[in-house]
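The values are calculated or read from the model by the stated rules, or taken from the named source; none is laboratory data. Keep in mind the model is a prediction, meaning the values are calculated, not measured. Using ideal geometry, Cβ is built from the backbone for each residue, glycine included, and neighbour counts are taken over all protein chains shown. For accessibility, only protein heavy atoms count, side chains too; no ligands or nucleic acids. Shrake-Rupley method; radii C 1.70, N 1.55, O 1.52, S 1.80 Å.
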Amino acid sequence: MRRSLFILCIFFSFSSSIKAELLITQANIHVGDGTDAFTADILIKDGVIQRIATNISAQSNWEIIDAGGLNVTPGLISPTSNIGIVEINALDVTRDDESEFLKSGFSVFHAFNPNSTLIPWNRSNGVTGTISTPSWRSFPFWGMGSYFLLDASMNITGLKDVAMYGRLGSSGRSRAEDILVFEALFKLAMTIDIDDIEDELDDSHLAEKFELQPEDILAIRRLIEEKLPFVLETNRAADILQAIRLKNTFGLNLILASVEEAPLVLEALAAADIPVIIDPMDNIPDSFDELASSLDLAGTLDQAGITIMFSTQRSHNYHLMRQGAGNAVAYGMDYNNAIKGMTKAVADIFRIPNRGSVQVGNYADLVVWDGDPLEPSTFPKYVFINGESMDLTTRSTRLTERYSKETSKPRSYLH
Amino acid sequence: MLFCAFFLVVGCEKADIKEEVLQTESQAFLSTYQPMASENIVIVNANMFDGLGNEFKDYDLLLKDGKIQAIGPDLVIDGSEVIDAQGKWVTPGIIDIHSHMGVYPAPGVRTSSDGNEATAPVTAEVWAEHSVWTQDPQFVLALKGGITSFHVLPGSANLMGGRGTTFKNVPNNSIQAMKFPNAPHSLKMACGENPKRVYGSRGQSPATRMGNMAGYRKAWIDAERYYEDIQEGKDTKRDLRNDTLAGVLSGDILVQNHCYRADEMMMMIEMSKEFDYQITTFHHAVEAYKVADALAEHGICAAMWADWWGFKHEAYDMVQANIAIVDQARGGSGCAIVHSDDEVGIQHLNQEAAKAMAAGNRAGYDISEARAMKWITYNPAKAAGILDQTGTLEVGKDADVVLWSGNPFSVYSKAEKVFIDGALAYDRDDPKKRPVTDFELGILNPNSARIES
């Protein structure tokens, strides 16, 4: 039972009613694959992109939205967020991103709340999917993140446990010990007899020391057996080299996050073919691990051919990775790669099928922007998920409306 | 004084002593800031936002002797270095009214984390400037984002956390050498969750919001007595806490009040009436839009983020139009400020203003870029009490000026040159004209600075 929980990668496919065709005309299409934008029409049927061509002739029963040359991108996908699992950070009772007894085996999947206010908020700002992740902890493995489509349906569309998250670096004890723990756990996970896992863990000093459960070991085993993406947050240049060594030794599908000192080991990182998740705006040398931190990070990595995805340090506003991407471009990153880093790169690296790019056969998760999508002052005009136009109302727009009206009554009567 | 000498010799001696004490107090830790040497510079053909709400095309600006000497089209000036700003933008130096640079420096390590004297709910006696680490590399990063002045506050653990100080962004090796000349101190006050959490968790008062209110009021009652004693010339032992609070009651010290919720802002306004002082600014005013008219009526600024929310319960009701609603209250008489409280945000206040402006216009307001520029120049200067010296491109003011590579409301634009008192404090094109703090020198590689750009 426990075993099946971790070996199965459950995909809840979306169930949609049959919809009429939707034609978006004159869209300046950013495919999301790193290529230049071009203007064409997009035909959507049953939530899926059917055709992309110029001058598609519409039939009378089709719904038509004229993009009038506006930019259209794939819906943005956040590669690391707390959407649906944290409502208010400072209120523990609203948090489901921390586990009591599981470590690497911790999955946030069943905690996802489709009614969280973060969903309409981030969606109205262009985010249509997210990987929600466990929070930072001092143990090197934090647990696994799951993918969720942000359609707010109670019938959740998602992918359970798409990636493991962890960290390597300063934590109050020696990082040498953390590396040792990584190596020992990888070895244990690969040599343990799964049919006798409870007994074997009882005999393992390592498992006893860290109070590891079978779920923890089985999850680590997936990193090697299934090449489950492993997102490792690390910054110091020497730690990045250690991470590369771990990847090569154990054949990991490694993604590095933060990597503020990556420019110091640029060639090694590029040669190791490791994608990264960075916040291009975080140029603060917050710790002695991040002394080389600078706004040039994204441009430097991009020019070395390293695939970049984006995070943001700001809780709740995961759409702000767009502002980060804009700053990345301002400091030397290729524009099309920046769009790719918020869309297709995430879908490809985290194995989210049929999403993340504007191409025939993919679900129509699209955003029509009222300007350059990388300008912070630009907003979505339309957001589509599975070809359905999303209501852009949020709790925030409701409050704005309530307080911009003239009234003699208490505002609690304005709704 | 002459009157005293003749009629009330004894009483006046005491008054003299008291005055001397107060004078000593006010003369301690004064600014010793000296502008760097500067050339006469004329920036020509620029697009300008003057910080007063105007936008000019093809305008020239003369910086001379550290001051703005002339602004206008086609200035004819000889003997000055000419910078052609064709296709570029010029604005006043950007000002952040809420910074913890220096008191929470980078790297964020325990040994220099000096922003909250969280040992008692009222610590009006401490001064944030006494915690500032002059080597903080964040000063330089902010400078690259166009920040020429910033106000450093104590944290919000306490009801009354201590004094805040305004600085010129010219890193130097003493605090006094960085202090903005003649800028008033502020008193940092904090509403809501933080004080009651910090002290409630220790089983101390305040543990509730009603405990918060009682805590401030008790402190004001003590301060009133102290202030009266001083005014009456009584021989009162000097008290650092009451010096600060009496400074607020006399109007010399400005109140910078951390307060998220609208209902709490209204309580703080009522309390300011009870004790007869003026609140200058509500900070982190996530719910300011709910009481924007009251803020405008009472002449109180609101310092806000463009879009931060949800990290705590009192930050749950964020609206992106908050800044615009405050700005437009009572026929546009509101005082809206974009602040950072953040070492990354302070580098991009122009982008934060861009988001807030766009959100306001989406909500139906008609806010120009020139108007939005006031949120990061004129209004924070006013809130810091330095508007007579900086914050706009007006003749006679300090030549605190930013030359931007493009429209400052675009993510692609960068501060190319930053002038402070007419001196080139930062030049994107010349590595020698950028400060490097002691901390950064030779730290990763003995032969270079921490970062090279």
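Take the residues in region A:85-109 that are within 14 Å of chain B (Cβ to nearest Cβ) and within 18 Å of the chain's Cα centre (by Cα); name whichever of them is nearest to residue A:218 (Cα to Cα).
A:97
Return the residues of region B:220-278 that are open to solvent by 30 Å² or more (accessible area, probe 1.4 Å), among the hydroxyl-bearing types (Ser, Thr, Tyr) and under 24 Å from the mean Cα position of the chain (by Cα); say none if nothing qualifies.
Once the filter is applied, which keeps residues that are open to solvent by 30 Å² or more (accessible area, probe 1.4 Å), among the hydroxyl-bearing types (Ser, Thr, Tyr) and under 24 Å from the mean Cα position of the chain (by Cα), region B:220-278 yields only B:250.
Looking at the structure I just gave you, is residue B:312 within 13 Å of chain A (Cβ to nearest Cβ) and either polar (S, T, N, Q) or open to solvent by 20 Å² or more (accessible area, probe 1.4 Å) (or both)?
Taking the combined requirement at face value, the residue does not satisfy it.
Take the residues in region A:318-351 that are of a type in the set (Val, Ile, Thr) and over 13 Å from the mean Cα position of the chain (by Cα), then tell me which one is nearest to the other protein chains (Cβ to nearest Cβ).
Once the filter is applied, the top-ranked residue is A:329.
Considering A:257, A:219, which residue is farther than 15 Å from residue A:183 by Cα, of a type in the set (Gly, Ala, Ser) and either touching a Phe, Trp or Tyr at 6+ places or on another chain (Cβ under 9 Å) or not in a loop (DSSP other than H, G, I, E, B) (or both)?
A:257
Considering each residue of region A:379-415, count those that are without any contact (Cβ under 8 Å) to a residue 24 or more places away in the chain and open to solvent by less than 40 Å² (accessible area, probe 1.4 Å), and give that number.
Summing the residues that are without any contact (Cβ under 8 Å) to a residue 24 or more places away in the chain and open to solvent by less than 40 Å² (accessible area, probe 1.4 Å) in region A:379-415 gives 3.
Under 6 Å between Cβ atoms, which residue pairs at least 6 apart in sequence (or on different chains) link something in region B:433-445 that is away from chain A (no Cβ under 13 Å) with a partner that is open to solvent by 30 Å² or more (accessible area, probe 1.4 Å)?
B:433/B:424; B:435/B:171; B:438/B:135
Against the conditions (1) under 21 Å from residue A:396 (Cα atoms); (2) in a loop (DSSP other than H, G, I, E, B); (3) of a type outside the set (Asp, Glu); (4) modelled with pLDDT of 95 or more, where does residue A:122 fall short? Just the number, please.
(2)
Among (1) open to solvent by less than 30 Å² (accessible area, probe 1.4 Å); (2) within 14 Å of chain B (Cβ to nearest Cβ); (3) out of contact with any helix residue (DSSP H, G or I) (no Cβ under 8 Å at 6 or more places or on another chain); (4) not polar (S, T, N, Q), there is one condition residue A:370 misses while meeting the rest; what is its number?
Exception for residue A:370: condition (1).
Quick check on my filter: what residues within region A:322-335 are touching a residue at least 40 places away in the same chain (Cβ under 8 Å) and either under 13 Å from residue A:278 (Cβ atoms) or open to solvent by 20 Å² or more (accessible area, probe 1.4 Å) (or both)?
A:324, A:325, A:327, A:328, A:329, A:331, A:333, A:334
Rundown of residues vs (1) in a helix (DSSP H, G or I); (2) touching a strand residue (DSSP E or B) at 6+ places or on another chain (Cβ under 8 Å); (3) within 14 Å of another protein chain (Cβ to nearest Cβ), yes/no style:
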residue	(1), (2), (3)
B:252	no, no, no
B:256	no, yes, no
B:285	no, yes, yes
B:307	no, no, yes
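Of all residues in region B:363-382, which are facing another protein chain (nearest Cβ under 8 Å) and touching an Asp or Glu at 6+ places or on another chain (Cβ under 9 Å)?
If the condition is that a residue be facing another protein chain (nearest Cβ under 8 Å) and touching an Asp or Glu at 6+ places or on another chain (Cβ under 9 Å), then B:363 is the only one that fits.
Starting from residues that are facing chain A (nearest Cβ under 8 Å) and either charged (D, E, K, R) or touching a Cys at 6+ places or on another chain (Cβ under 8 Å) (or both), keep the ones in region B:315-344 and report whichever is nearest to residue A:282 (Cα to Cα).
Within region B:315-344, the match that is nearest to residue A:282 (Cα to Cα) is B:343.
Residue B:297 fails exactly one of the following numbered conditions: (1) of a type in the set (Asp, Glu); (2) open to solvent by less than 10 Å² (accessible area, probe 1.4 Å); (3) away from chain A (no Cβ under 14 Å). What is the number of that condition?
(2)
Since residue B:32 meets every condition but one in (1) of a type outside the set (Phe, Trp, Tyr); (2) within 25 Å of the chain's Cα centre (by Cα); (3) modelled with pLDDT under 95, which condition does it not meet?
Of (1) of a type outside the set (Phe, Trp, Tyr); (2) within 25 Å of the chain's Cα centre (by Cα); (3) modelled with pLDDT under 95, only one is false for residue B:32: (3).
Of all residues in region A:238-293 being hydroxyl-bearing (Ser, Thr, Tyr) and buried (at least 22 other Cβ atoms within 10 Å of the Cβ), which is farthest from the other protein chains (Cβ to nearest Cβ)?
A:258
Taking into account only those residues within region A:31-49 that are touching a residue at least 24 places away in the same chain (Cβ under 8 Å) and not in a loop (DSSP other than H, G, I, E, B), which is most open to solvent (accessible area, probe 1.4 Å)?
By that ranking, first place goes to A:45.
Check whether at least one residue in region A:344-357 is aromatic (Phe, Trp, Tyr), closer than 25 Å to residue B:288 by Cβ, in a loop (DSSP other than H, G, I, E, B) and open to solvent by less than 40 Å² (accessible area, probe 1.4 Å), and report yes or no.
no
Which one of these is facing chain A (nearest Cβ under 10 Å), buried (at least 22 other Cβ atoms within 10 Å of the Cβ), in contact (Cβ under 8 Å) with a residue 24 or more places away in the chain and touching a Lys or Arg at 6+ places or on another chain (Cβ under 9 Å): B:347, B:351?
Answer to the check: B:347.
So is residue A:360 within 10 Å of another protein chain (Cβ to nearest Cβ), among the aliphatic types (A, V, I, L, M) and open to solvent by 20 Å² or more (accessible area, probe 1.4 Å) or not?
So residue A:360 does not fit the description; no.
So, residue B:202, is that one more than 26 Å from residue B:286 (Cα to Cα) and either in a helix (DSSP H, G or I) or not β-branched (Val, Ile, Thr) (or both) or not?
yes
Anything in region B:333-379 that is more than 22 Å from the chain's Cα centre (by Cα) and among the small types (Gly, Ala, Ser)? List them, or say none.
Those that are more than 22 Å from the chain's Cα centre (by Cα) and among the small types (Gly, Ala, Ser): B:358, B:359, B:360, B:363, B:364, B:368.
Got a sec? Which strands (runs of 3 or more DSSP E) wholly within region B:77-139 have at least 1 residues that are at pLDDT 95 or above and open to solvent by 60 Å² or more (accessible area, probe 1.4 Å)?
Per the criteria, B:81-84.
Among the candidates A:104, A:57, single out the residue that is touching a Pro at 6+ places or on another chain (Cβ under 9 Å) and assigned to a loop (DSSP other than H, G, I, E, B).
Residue meeting the stated conditions: A:104.
Would you mind finding the one in B:403, B:387, B:424 that is open to solvent by 30 Å² or more (accessible area, probe 1.4 Å), more than 27 Å from residue B:248 (Cβ to Cβ), away from every other protein chain (no Cβ under 13 Å) and not charged (D, E, K, R)?
None of the others qualify; the one that does is B:424.
Which of the residues that make up region A:300-317 are closer than 21 Å to residue A:335 by Cβ, out of contact with any Asp or Glu (no Cβ under 9 Å at 6 or more places or on another chain) and within 13 Å of chain B (Cβ to nearest Cβ)?
A:300 - this is the single residue of region A:300-317 that is closer than 21 Å to residue A:335 by Cβ, out of contact with any Asp or Glu (no Cβ under 9 Å at 6 or more places or on another chain) and within 13 Å of chain B (Cβ to nearest Cβ).
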